[in-house]
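The values are calculated or read from the model by the stated rules, or taken from the named source; none is laboratory data. What you are looking at is a predicted structure, and each value in this text was computed from that prediction instead of being measured. Virtual Cβ from ideal backbone geometry, glycine too; neighbours counted across all protein chains shown. SASA here: full protein model, heavy atoms, side chains in, ligands and nucleic acids out. Shrake-Rupley method; radii C 1.70, N 1.55, O 1.52, S 1.80 Å.
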Amino acid sequence: MSKQLNVALIGNPNTGKTSVFNALTGLNQKVGNYPGITVDKKQGICKLSRGVKAHILDLPGTYSLNASSLDENVVIELLLNKNDKDYPDVAIIVSDVENLKRNLLLFTQIKDLKIPTILVINMSDLMTRKGITLDIELLEAKFHTKIALISTRKNSGITELKQLIESYKTISTEPCLDTTTIDTDYFQSLEKAFPNQDIYKLWLVITQDANFGKITRQELDVSKFKTKSNQELKRLQQKEAIKRYQFINAILKEGQIIDRSKATGLRSKLDRLLIHKVWGYMIFFIILLTIFQAIYDWATIPMDLIDTTFAGLAEWIKNTFPGGGKVTDLVAEGIVSGIGGIVIFIPQIAFLFFFISILEESGYMSRVVFLMDRVMRRFGLSGKSLVPLISGTACAIPAVMATRNIENWKERLITILVVPFTTCSARLPVYLIIIALVIPEGYIIGLSYQALTLMALYLLGFGMAIFSAYILDRILKTKHKTFFVVEMPNYKLPLLKNVIITVIEKTKTFVFEAGKIILAISIILWVLASYGPGDKFNNAESYVQTYETQSAHERSDQIAAYKLEHSYIGIIGKTIEPMIKPLGYDWKVGIGLVASFAAREVFVGTLATIYSVGSASEGENIDTIKTKMQNETYADGTKVFTLASGISLLLFYAFAMQCMSTLAIVKRETKSWKWPILQLIGMTAIAYICALIAFQFLK
Amino acid sequence: MRLTIANLKKGEKGIITDSSSEDIPLKLLEMGCLPGNEVHLLQLAPFSDPMYLNVNDSFLAIRKETASLIVIQKIDE
């Protein structure tokens, strides 16, 4: 059996920790979950010599062992629990050569836990350019550690790092700071109360924000030992930070020389432009436009390809196995189309994460937060929420995934909850046909009524998103206080390898986690639409009357319409008719609403089937459906589609949560069914009320 | 008059004299907002909020309300 050793990768955000992880593990990595929370668990395997494998855990980026978010709490929970299966044999602290002093604060904390610790100094290729000289031997001796100077950009130092990992047993576990010197009296009495415990660990447990950790708090019952008020504890923590910096500064004074005259002005030059009061916003606007163009327009090329490929595949299966009966139908129309419905999202997800990871890697995203914070915070959103909100206009699925970059959980949750209000591209076909149907052609100051209506719908979606964020910000309570401290990292050229790995990883997450739910629901929807109880469905041919003038096409369209009417989905449509009647819809629209759950644009296709124009060619299809819908009347001769019912339907589509794929991804991102269900009920209720008021008012 | 980071103008510097207010996040202290360290106000967003500063070799953005809790002494250059 080959021996495996556990390695934990720890470091401040923006130090290139993920690059080190990628360099060590390549594509041998997977993303899982920590049980019960929404933090991604990234782990990978790194092969060392002689068949030894290192299991590398990439812990969330943190500035210190004092957790201020769920992500950071993961780090401390693991490091305080020796029984955890991931408890590291050796810790690697990734630091950035330009921020060594601050990175070392975390290093000294980890050292004090008496875990063998390797210090990685990343971006060492920049040392000469930045005028930094390090005395590695001295630093190794004074910090009781081994140092690996690496550059993930130049791919240097990785082999040396692997050798250090392998010889981890030779690394000293001597702590950096004697905890008791922070406050001698207090720590002596603490030692007396818990004689068998490590004093620094005790101190950490006592000072952690009670809202996060389960940790060993109960086990130790430190609550009995609360001899200090919160304010006093905070003072001691400040004193601890000062002591740590004194220790670090004393060593760096000898071991590090910085020639400040060499510092390049790249940061200040770029900052002057990128966060300028006018240019900054304009550049951000152009970047948003580019992202929008990519996922709204460029992505349609591969999407169309995927669409035709899967349609062709389904057709091929039906033709190749004609004897298969229901099994062939299930595979071709249920499963293959269902998988096609998942794969179709990949281009948009890939495009969006391509851009987002470039924005994050380059350091630009922090500037966006800086620019947008004042506006967005009023609505309980983060500056980073703007990218998901704009992307939502193409599709809510990649947009919800993009919220992962928002550190604050409340802001992330609000963004996830309101993103589906923005007008996604699947609503567009529905809008277009209904607008064409009920909004008169005509112009006001050179602008067509129909175009104005469409624009109003886009604004309405965005406005609703912002408005509900404002409301949610006041309703949702978080247990812990939020604060705003954003590091403004150095500008860096993004590493292509990191960008590609992010794109692959996000796509995989979507396909394998949200995909399962989407496939299951689409098969259910397919079954509901393709089967029905009783003779009317199963023997539709004998119920549909034949006319002499009828072509074969027309007849099969009519049978298809009759079958849909008597399928399970048709029955559902008829059952909900009393509920949707006050909104101005009949049961045929009801079927369309239910079928829309697969994807909103299905509404148009479903109506085509039900008005028996299914087999008409694409172009004439829309016109035919339009004419059919226009002539559609109730038994008493009044029209079904009027201005009132049309506006009501537009509003319903603008606000209702009708997309199972969005629900699936929200479930994946919030790790619970609570939020998607709340979203489904809340949004649909808003939609229902708005549509009801509109119809009753305009009728 | 009590001077805080929030009173600094763009490009001005100060030395932190007190950062013990309970409402200052610990994270900020650990990033180096500690007495004795120099603060350099680099840029301001519209309406002077948030503020972009350099302290202890760290580049940070904080909101004005937090900045107004960190007491400083101005350095005249």
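Where only DSSP H runs of four or more residues are counted, chain A gives -17500 deg cm²/dmol as its mean residue ellipticity at 222 nm, each run worth -39500 (n - 2.57). Projecting the Cα atoms of A:GLN545, A:THR638, A:SER596 onto the charge dipole of the stretch A:517-698 (Cβ charges, centred on the Cα centre) puts A:SER596 farthest toward the positive pole. All other residues whose Cβ lies under 14 angstrom from that of A:PHE354 are scored, Lys and Arg at +1 and Asp and Glu at -1, for a net of -1. Relative contact order for the stretch A:571-699: 26 percent, from Cα pairs under 8 Å spaced at least 6 residues apart, divided by residue count. Contact residues in the stretch A:238-272 by the 40 Å² criterion (accessible area, 1.4 Å probe, full protein complex versus chain alone): A:GLN238, A:TYR245, A:ARG267.
Diffusion of the stretch A:490-533 by Stokes-Einstein, at 25 °C in a medium of 0.890 mPa s and with Rh set to the Kirkwood radius over alpha-carbon pairs, works out to 184 µm²/s. The share of accessible area on chain A that comes from carbon and sulfur is 61 percent, using a 1.4 angstrom probe. In chain B, Cα pairs under 8 Å separated by at least six residues give a relative contact order of 43 percent. By accessible area, using a 1.4 Å probe on protein heavy atoms only, the stretch B:5-75 has 45% of its surface on carbon and sulfur. If R0 equals 45 Å, the separation of the Cβ atoms of A:ALA193 and A:HIS276 corresponds to a calculated FRET efficiency of about 0.20.
Residues whose amide H lies under 5 Å from that of A:SER156, counting only those 5 or more places away or on a different chain, are A:SER151; hydrogens are built 1.01 Å from N in the peptide plane. Its Cα centre serving as origin, the stretch A:517-698 has a Cβ charge dipole (Lys and Arg +1, Asp and Glu -1) of approximately 820 debye. Extent along the principal axes, Cα only, for the stretch A:248-332: 82, 40, 17 Å, with the longest axis given first. Taking every protein chain into account, the 1.4 Å probe leaves A:ILE475 with about 110 Å² of accessible area, to the nearest ten. Contact residues in the stretch A:446-485 (at least 50 Å² less accessible area with all protein chains than alone, 1.4 Å probe): A:PHE483, A:PHE484, A:VAL485. Heavy-atom accessible surface of the protein assembly as shown, averaged per residue, reaches 44 Å², computed with a 1.4 Å probe.
Only the Cβ atoms of Lys and Arg (+1) and of Asp and Glu (-1) were treated as charged; on that basis the dipole of the protein assembly as shown about its Cα centre amounts to roughly 1560 debye.
Structural size metrics of the stretch A:4-170, computed from C-alpha coordinates, are Rg and Dmax of 15.0, 46 Å.
Each peptide in A:392-400, A:681-689, A:589-597 gets a packing score, the mean of other Cβ atoms within 10 Å over its residues, and the list from highest to lowest is A:392-400, A:589-597, A:681-689. To the nearest ten degrees, helix A:409-418 and the longest principal axis of the Cα atoms of chain A are 10 degrees apart.
Around A:GLY341, under 13 Å between beta carbons, what's the net of Lys plus Arg minus Asp minus Glu among the other residues? Neighbourhood net charge equals -1. Fully extending the segment from A:ILE301 to A:LYS574 would add 94.5 nm, taking 0.36 nm per residue of separation and subtracting the current Cα-Cα distance. Any chance you could give the angle, 0 to 90 degrees and rounded to 10, that helix A:70-79 forms with the longest Cα principal axis of chain A? Helix A:70-79 and the main axis of chain A meet at about 50 degrees. In a reduced charge model with +1 at each Lys and Arg Cβ and -1 at each Asp and Glu Cβ, the stretch A:241-334 shows a dipole moment near 1160 debye about its Cα centre.
Reported to the nearest whole Å, the Cα centre-to-centre distance from the stretch A:345-389 to the stretch A:9-58 is 24.
The convex hull of the Cα atoms of chain A, projected and averaged over all directions, covers 38.5 nm².
Using a 1.4 angstrom probe on protein heavy atoms only, the contact between B and A buries about 3400 square angstrom of accessible area, both sides summed. The alpha carbon convex hull volume per residue for the stretch B:5-75 rounds to 69 Å³. For chain A, the longest principal axis of the C-alpha atoms and the axis of helix A:300-320 are separated by about 60°. The simple spin-label model puts a point 7 Å past each Cα toward its Cβ; for A:LEU233 and A:GLN163 those points are separated by 4.6 nm. Note on A:HIS566: accessible area approximately 30 square angstrom, rounded to 10, probe 1.4 Å, nucleic acids and ligands left out. Could you work out the local net charge near B:ALA6, counting Lys and Arg as +1, Asp and Glu as -1, over the other residues with Cβ closer than 10 Å to its Cβ? Once positives and negatives cancel, what remains is 0.
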